[in-house]
Amino acid sequence: MDEVNYEPVSTDPPTAAMERSIFESYIYIGYSAVEAAEATRVALARRLGSFDISYEKNIQNGMSPKQAQALRRQEIDDFTQLWPIDQVAQVMMDALMERGLSYEDALEIVNEELVDERSPDLEQVEDALEEVVEEELEEEPEDEDDFETEEERIQEEKEKKRKELMARIRIVPASPSYFTGKPNFTDDLISLKALLRKYQLLPVFPPGQAPRVAWKSVEQYKAMVGAEPVKSARYHRLLEILKRLHSINSAIMPEEVSDTLARYKRGVDLSQARKKQGYVNADGISLGVGRRKTSTARAYVVEGEGEVLVNGKSLTQFFARLHDRASAVWALKATERVDKYNVFALVKGGGATGQAEALTLAVAKALLVHEPLLKPALRRAGCVTRDPRKVERKKPGHLKARKKPAWVKR
């Protein structure tokens, strides 16, 4: 490297030495004298500015100006001593990597050639670089005929670029809902809402006239989306949108809507499915099942003289209250068939009232098998409708389901 004379701008000896070392480093990299001088002024101003900031912080922290100035002087001296070897090491790293060496190999060579305990020797750096070049020349170049066809070479280049790209970019989830915990359910809900917004102005069936359809249960839906933790309440929100889309008049329903609805339907056609009918067996016995609260009753009805047995006991023995006895045979009394049929019942669960009212529904269903024309009379008597009411649960902080403790002012 040719010697280039440089007159430092700084009059302070340590700063001037630092300025000269910065200039020589830029000359070594390949800068011209003018470019190196300009870059030196910028680097020096930036570095001295950091020293000034450190000096001001020390003053603010309570250090005396004399101590802060001495510390600033020491920092400049340390930087002046460390700058040349750090700069040469960086230049050497860049040169080695430009010639094809990996970062690890270049770092190993720099560590071997430059140690912190000795000053940098530019001739030593040049020798090390020449050795690297000779080793590269001794290696055989890659044979361009390794690929049999041009397509294989192009494919290899694409694969190489893909690997380089994958090393730099982050992996993006397939769905924006990936981090919700229920990505498939969230995507389904969003897509159904978008579909409803798109076709919400289409004519719909009048209430109650839309074709019946069997939707998938929440368990079947979980199996469809990969066992995601979908709660029943959230699935009901999805069903509400499905029912609204299903209410669109089938004559003008878009194919996009029908294909989407088919994904959530069960393989059962309720429009053609018929309710299972009761029957009278060879012995003339019909069966009816009824439920009330937590009670279940099975009533076997056959033509007879009006005998009633409940769990093998007579009606008066099984039910102590008159109201429960009347409820058990209310279907026969309302149709004036008390003395024309025998009833053999099995009840379980719940209390006496629940069992008696469950037996009312069971006897009514069994009686309808014998005489279907009694259905209007039994409906007016309230015997064919299932009572869905159940005991309301107790709430925390309440004495009972709704009763609260007495309020005390103080």
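The values are calculated or read from the model by the stated rules, or taken from the named source; none is laboratory data. A quick note: this is a predicted structure, and the numbers were derived from the prediction, not measured. Here Cβ is always computed from backbone atoms with ideal geometry, including for glycine, and neighbour counts include all displayed protein chains.
Kindly indicate whether Val338 is in a helix (DSSP H, G or I) and touching a Gly at 6+ places or on another chain (Cβ under 8 Å).
Numbers: in a helix (DSSP H, G or I): no; touching a Gly at 6+ places or on another chain (Cβ under 8 Å): yes.
No: the conditions fail for Val338.
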inquiry  = So for the stretch 269-289 (the condition being over 56 Å from the mean Cα position of the chain (by Cα) and not in a loop (DSSP other than H, G, I, E, B)), does at least one residue qualify?
reply    = no
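Residue under question is Lys333, and the condition is that it be over 20 Å from Phe319 (Cα atoms) and among the basic types (Lys, Arg); does it hold? Step through it out loud before you land on a result.
Numbers: over 20 Å from Phe319 (Cα atoms): no; among the basic types (Lys, Arg): yes.
No; evaluated as a whole, the condition is false for this residue.
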request  = Please indicate, with yes or no, whether at least one residue in the stretch 175-182 is more than 14 Å from Ile248 (Cβ to Cβ), at pLDDT 90 or above and surrounded by 11 or more Cβ atoms within 10 Å (Cβ to Cβ).
outcome  = no
key: Tabulated pairs, the stretch 198-222, first more than 13 Å from Lys243 (Cβ to Cβ) and without any contact (Cβ under 8 Å) to a residue 24 or more places away in the chain, second surrounded by 11 or more Cβ atoms within 10 Å (Cβ to Cβ) and hydrophobic (A, V, I, L, M, F, W, C), C-beta under 8 angstrom, 6+ apart or interchain   = Val218/Val230; Lys222/Val230
message = Looking at the stretch 383-409, I want the residues that are closer than 30 Å to Ala297 by Cα and have a partner that is surrounded by fewer than 10 Cβ atoms within 10 Å (Cβ to Cβ) with Cβ atoms under 6 Å, at least 6 apart or on another chain. Which pairs are those?
response = Ala401/Glu392
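Confirm whether Val363 is within 15 Å of Arg291 (Cα to Cα), hydrophobic (A, V, I, L, M, F, W, C) and modelled with pLDDT under 95. Full working, then the answer.
Working: within 15 Å of Arg291 (Cα to Cα): yes; hydrophobic (A, V, I, L, M, F, W, C): yes; modelled with pLDDT under 95: no.
Considered against the rule, which asks whether it is within 15 Å of Arg291 (Cα to Cα), hydrophobic (A, V, I, L, M, F, W, C) and modelled with pLDDT under 95, Val363 comes out as no.
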Number of the condition not met by Lys375 [criteria: (1) in contact (Cβ under 8 Å) with a residue 12 or more places away in the chain; (2) closer than 21 Å to Val280 by Cα] = (1)
